[in-house]
Amino acid sequence: MKKIFLNIFFLSVVFTGYLTAQNIQIKGFTNVDASAIFDSSSYKNHFALGQYDLFITSKITEKVSFLGETVFEYKNSFQVGVERAIINYHFKDYCFLTVGKQYTPIGYWNNAYHHGLVLQPTINRPNIVKEDFGGDWLPLEDVAVQLNGEGITKMNLGYNLMVGNGIASTPVDDFNESKAVCLNLHAEPVDNLKFYVSGYDDNVPAGTTTLQGIQVAHKSNLLISNASVAYTNGKLPVEFIAEYYNLRTQMLDSSFTASSNGFLIYAGYKFKKLKFVPYTVYDGVMLDKNEKYFTQYNTSSLTVGLRYIIHPLSVIKLELKDMYTKEFGTQYRIDLQFAVGF
């Protein structure tokens, strides 16, 4: 028994020394939720274990670093997903390279608040950027090469140019000869006030299953345009995020074209001394009536919430939501979340 303890102690010392030598940091996030959902004919309530998110960074050299993010969550069964595995090569602040599985640089919310819900101002992601609400609307992640730049001129201009596998792919293969391209241009003329314009273009082969599980009968093109503005973590007590998306789908071997829209508006007010932030969110997706690429239902929701910041890495949120979808009609829900980082 004494020998076992000595071996454990020795391995702990070696591992700690290794972490220090490589400047490795391991952090994590998790949340526990309670929800009540009801409409005119039904009612249900439940507790839910949220995502268990492990976040690892390592500075390998002065120019090379690594970022990894692995999420454990329940989807019909417990599953493990590699959300990000990124190698960074930093030439300059205005020019650095990232390769690997990474978030698609479209809009603001998708990169600012992905996992680690203690950092997100709301309990759930708005519909247009949500992952599990009747299927995905946007390609939120990809295995790709991305060129980035920040802090250019006094306007704090920046860019993200990504070339990736696209929708018709797996993390290790691509079934499409062409590649997806995404470009994000942004500026921060005033501290914490940010403006974004971005676009995404991808060809989808016939027979591909879309993000929502629809099998596309024709070779298609998906073109997404976005404009966003955000003011968060500033000197003023207000928080504000607004995003607009246009999703244009075209069947390349026919004359069919459809144009759909999505939006989100978030506003909050920080009572710093009281540590409370009341907020509201209005968001939705409006589909072209001829849309064949996405599931045919419009959706909109109005949320009123209250966030209590115990600590920047310990937050309780309460939300009341009025949500409409063509499939389920009007639903009401109450959500309570305790989210932490560690």
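Condition (residue is buried (at least 17 other Cβ atoms within 10 Å of the Cβ) and without any contact (Cβ under 8 Å) to a residue 12 or more places away in the chain) applied to the stretch 82-89: is it met by at least one residue?
Pass one, the stretch 82-89, residues buried (at least 17 other Cβ atoms within 10 Å of the Cβ): 83-86, 88.
Checking which are without any contact (Cβ under 8 Å) to a residue 12 or more places away in the chain leaves us with none.
No - not one qualifying residue is present in the stretch 82-89.
Tell me, please, whether a residue that is outside any loop (DSSP other than H, G, I, E, B), modelled with pLDDT under 95 and of a type outside the set (S, T, N, Q) can be found in the stretch 214-222. Before the answer, list the steps.
First pass over the stretch 214-222, keeping only residues outside any loop (DSSP other than H, G, I, E, B): 215, 220-222.
If we keep only those that are modelled with pLDDT under 95 too, we end up with 215, 220-222.
Then keep just the ones that are of a type outside the set (S, T, N, Q); that gives 222.
Yes, the stretch 214-222 has at least one match.
Given the condition touching a Gly at 6+ places or on another chain (Cβ under 8 Å), of a type outside the set (Gly, Ala, Ser) and under 30 Å from residue 190 (Cβ atoms), answer yes or no: does some residue in the stretch 227-234 qualify?
Looking through the stretch 227-234, none of the residues is touching a Gly at 6+ places or on another chain (Cβ under 8 Å), of a type outside the set (Gly, Ala, Ser) and under 30 Å from residue 190 (Cβ atoms).
So which of 261, 246 is free of Cβ contacts under 8 Å to residues at least 24 places away in the same chain and either within 27 Å of the chain's Cα centre (by Cα) or under 25 Å from residue 323 (Cα atoms) (or both)? Reasoning before the result, please.
Working: 261 fails: free of Cβ contacts under 8 Å to residues at least 24 places away in the same chain.
Just a single option satisfies the conditions, and that option is 246.
Results for (1) under 19 Å from residue 137 (Cα atoms); (2) without any contact (Cβ under 8 Å) to a residue 12 or more places away in the chain; (3) surrounded by fewer than 17 Cβ atoms within 10 Å (Cβ to Cβ); (4) touching a His at 6+ places or on another chain (Cβ under 8 Å), shown as yes or no for each residue.
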site: 202; (1), (2), (3), (4): yes, no, no, no
site: 208; (1), (2), (3), (4): yes, no, no, no
site: 220; (1), (2), (3), (4): yes, no, no, no
site: 229; (1), (2), (3), (4): no, no, yes, no
site: 236; (1), (2), (3), (4): no, yes, yes, no
site: 255; (1), (2), (3), (4): no, yes, yes, no
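Look at residue 46 and say whether it is over 25 Å from residue 317 (Cα atoms) and either in a strand (DSSP E or B) or among the polar types (S, T, N, Q) (or both). Steps first, answer last, please.
On the way: over 25 Å from residue 317 (Cα atoms): no; either in a strand (DSSP E or B) or among the polar types (S, T, N, Q) (or both): yes.
Considered against the rule, which asks whether it is over 25 Å from residue 317 (Cα atoms) and either in a strand (DSSP E or B) or among the polar types (S, T, N, Q) (or both), residue 46 comes out as no.
Quick one: would you say residue 116 is touching a His at 6+ places or on another chain (Cβ under 6 Å) and in contact (Cβ under 8 Å) with a residue 24 or more places away in the chain?
Against the criterion (touching a His at 6+ places or on another chain (Cβ under 6 Å) and in contact (Cβ under 8 Å) with a residue 24 or more places away in the chain), residue 116 does not qualify.
How many of the residues making up the stretch 21-43 are over 18 Å from residue 337 (Cβ atoms) and in a strand (DSSP E or B)?
As a first pass, look at the stretch 21-43 and keep what is over 18 Å from residue 337 (Cβ atoms): 21-27, 38-43.
In the following step, the residues that additionally are in a strand (DSSP E or B) were identified as 24-27, 38, 43.
The total comes to 6.
Quickly run through the stretch 314-342 and pick out the residues that are of a type in the set (A, V, I, L, M) and in contact with a Ser or Thr (Cβ under 6 Å, 6 or more places away or on another chain). Before the answer, list the steps.
Here is the first cut: in the stretch 314-342, the residues of a type in the set (A, V, I, L, M) are 315-316, 318, 320, 323, 334, 336, 339-340.
The answer is 323, 340.
Could you list, in sequence order, the residues of the stretch 61-111 that are under 25 Å from residue 230 (Cβ atoms), assigned to a loop (DSSP other than H, G, I, E, B) and either touching a Ser or Thr at 6+ places or on another chain (Cβ under 7 Å) or not hydroxyl-bearing (Ser, Thr, Tyr) (or both)?
93, 105, 106, 107, 108
The values are calculated or read from the model by the stated rules, or taken from the named source; none is laboratory data. Just so it is clear, the model here is predicted, and its values are computed rather than measured. For neighbour counting, all protein chains shown are included, and Cβ atoms are generated from backbone atoms with ideal geometry for every residue, glycine included.
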